[in-house]
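The values are calculated or read from the model by the stated rules, or taken from the named source; none is laboratory data. What you see is a predicted model, and the numbers here were worked out from it, not measured in a lab. Cβ placement follows ideal geometry from the backbone for every residue including glycine, while neighbour counts extend to all protein chains displayed. These accessible areas exclude ligands, DNA and RNA; they are computed on the full protein's heavy atoms, side chains included. Shrake-Rupley method; radii C 1.70, N 1.55, O 1.52, S 1.80 Å.
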Amino acid sequence: MSSGRGLIGRRRGGNTWLRTGLIIFLIIFISLQINFLSYRGSNDSNSEVNDSNAAILSMVPAVLHKFLTPRPKNMTNNSGLNGTAGANVAYSKMTLNISDIKRNIAQYNLQQTVYNEETFGPLQNDSVVIVIQIHDRITYLRHLIVSLAQARGISQALLVFSHDYYDEEINNLVQSVDFCKVIQIFYPYSIQTHPHEFPGEDPNDCPRDIKREQALIKKCNNALYPDLYGHYREAKFTQTKHHWWWKANRVFNQLEITRNHTGLVVFLEEDHYVAEDFIYILKLMEKTCKESCKHCNILSLGTYLKTFNYYGDAKKKEALRAIKQQSIISAGQVHPSWTFQVLPSLYQHSQKVEITPWISSKHNMGMAFNRSTWMDIVGCADYFCKYDDYNWDWSLQHISQNCLKHKFHAMVVRGPRVFHIGECGVHHKKNNCESTAVISKVQQVLNTAKRHLYPSYLTLTYTTLLKKTKLRKGNGGWGDRRDHKLCMSMTLR
């Protein structure tokens with residue numbers, strides 16, 4: 001009996017070792033498979049990025065590749081604050097302290113150097129001023145510059161680069177622009193230069209979600225005034241509106257080169273991309289306004305892609321197709337794909353423009369207006385600066401609905417000339433913020449539409465809102481009285 005028990009024990013022990021070995025083998029095998037798939041996926045992803053970059057470069061004239069190619073980090077910036085050679089400042093990520101940055105910003109703003117003025121001459125009253133709001137997304141900025149370089153009539157324009165982040169690499173890129181006049185201005189109240197004090201985040205600021213009663217007990221900053229949703233200030237969300245208001249005031253009222261300019265001022269951002277005829281179409285719209293639409297005071301060149309179904313229903317269709325094929329996938333996992341067959345119809349009637357009440361969420365991209373419209377806006381500064389909404393465009397909508405005798409009306413080009421290429425920003429964060437997929441798609445869109453650009457005339461259609469526009473409640477984020485005070489202090493009438 002004892003020998004039988006021993007045999008059974010040995011068999012059990014052998015089975016245990018066999019099972020353990022099999023489990024270890026399976027674990028190793030699965031790990032290898034996962035690593036292999038991950039490696040292959042990584043390679044596929046890198047391959048896609050490389051293919052996308054190659055495709056983008058192939059559609060850009062070789063002479064403009066210089067704007068897309070970062071210089072080696074050991075190179076130096078040969079342009080100083082006065083635009084002359086010899087600064088010898090390395091523009092790899094520099095470790096400037098806040099005092100240095102403030103000093104440089106003050107010097108730029110004081111000098112008001114206009115680059116390339118000796119080449120392209122003084123600014124004319126019928127020239128277009130293009131104001132670009134910049135933070136730190138240099139990849140998108142490079143592509144915007146490339147698109148601007150290809151625009152007809154750009155040599156007569158003035159580019160105003162308005163920065164809220166000081167970076168030598170961005171400065172070098174901006175100062176390398178050689179196809180028109182350029183000036184840089186720097187928002188002086190940025191979070192970068194005020195990281196631990198207002199307008200940045202003061203250590204004694206009330207936490208966003210603290211209750212008002214607790215804030216009063218704690219005696220934190222602005223405890224008495226949360227926003228209309230009961231939240232307290234977040235500096236990162238307030239900066240964009242402050243910057244927009246400051247730059248508009250500076251361009252129309254402070255800069256020597258523009259303070260008496262009565263022509264059009266176009267507002268762009270670093271993650272926009274323009275069609276080659278955007279200046280041509282803008283001037284044609286301006287001429288048409290004078291002749292046929294006296295009450296139009298804003299021209300809109302852009303639209304958001306989904307407005308025109310550039311994505312179509314492709315996302316849902318791909319998800320359904322995958323489900324039918326018994327793939328385990330959801331609609332949210334399907335990457336956006338563009339349906340190009342929709343696009344030609346937009347540009348076949350490229351001479352069409354719509355006259356419509358201005359709506360901030362639809363007509364805020366590639367927006368242009370003149371000094372007359374600006375005087376109406378700045379005359380309603382209280383409505384902009386004290387409206388509890390951290391968005392500059394919603395604040396303009398508030399002005400239109402509550403302050404102006406005649407509300408804003410926009411002339412909107414049917415085939416967009418300004419595109420939004422940014423995949424990351426204040427409201428959107430993704431794993432890969434350097435993606436150039438959208439840029440490639442926009443290039444293809446414009447290439448397809450090429451024969452429809454430069455219309456000889458414009459056809460007007462009038463649209464009316466089916467429902468009376470309600471007075472909208474703000475989005476909040478702007479209840480802090482310090483923001484109201486700073487905004488008003490930047491107002492120049």
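Straight-line cross-link reach from Lys218 at under 19 Å between alpha-carbon atoms covers these aspartates and glutamates, not counting any fewer than eight positions away in the same chain: Glu197, Glu201, Asp202, Asp205, Asp209, Asp227, Glu234, Asp480.
Between Asn109 and Asp136, the FRET efficiency from the beta-carbon distance, with R0 = 25 Å, is close to 0.85.
Heavy-atom accessible area, probed at 1.4 angstrom with all protein chains present, ranks Ile23, Ile138 as Ile23, Ile138, highest first. Fully extending the segment from Leu216 to Ile24, taken as 0.36 nm per residue of separation minus the present Cα-Cα distance, adds 63.1 nm. Between the listed residues Ile134, Ser99, Gly153, the Cα displaced farthest toward the positive end of the dipole of segment 98-217, a dipole computed from Cβ unit charges relative to the Cα centre, is found at Gly153.
Each label was represented as a point 7 Å from its Cα along the Cα-to-Cβ direction; for Ala62 and Ser456 these points are 3.6 nm apart.
Computed from backbone phi with θ = phi - 60° and the Karplus coefficients 6.51, -1.76 and 1.60, the 3J(HN,Hα) list for segment 110-120 is 6, 6, 6, 5, 9, 6, 6, 5, 5, 7, 9 Hz; x is used for glycine and proline.
Grouping the Cα pair distances of segment 197-310 into 5 Å bins from zero gives a pair-distance distribution of 2, 8, 12, 12, 13, 11, 10, 10, 9, 7, 3, 1, 0 percent in increasing distance order.
Each of Leu492 and Ser372 was given a label point 7 Å from its Cα along the Cα-to-Cβ line. The distance between the two points is 2.3 nm.
Placing unit charges on each Cβ (+1 for Lys and Arg, -1 for Asp and Glu) gives segment 218-293 a dipole about its Cα centre, and among Leu284, Leu268, Thr240 the Cα reaching farthest toward its positive end belongs to Thr240. Within the same chain, aspartates and glutamates fewer than 8 places from Lys181 are excluded, and of the rest, those with a Cα less than 17 Å from its Cα are Glu117, Glu118, Asp126, Glu256.
The calculated FRET efficiency for the pair Thr119 and Gln444, based on their C-beta separation and a Förster distance of 25 Å, comes to about 0.15.
The figure for Thr240 is an accessible area of roughly 50 square angstrom, using a 1.4 Å probe on the protein chains alone.
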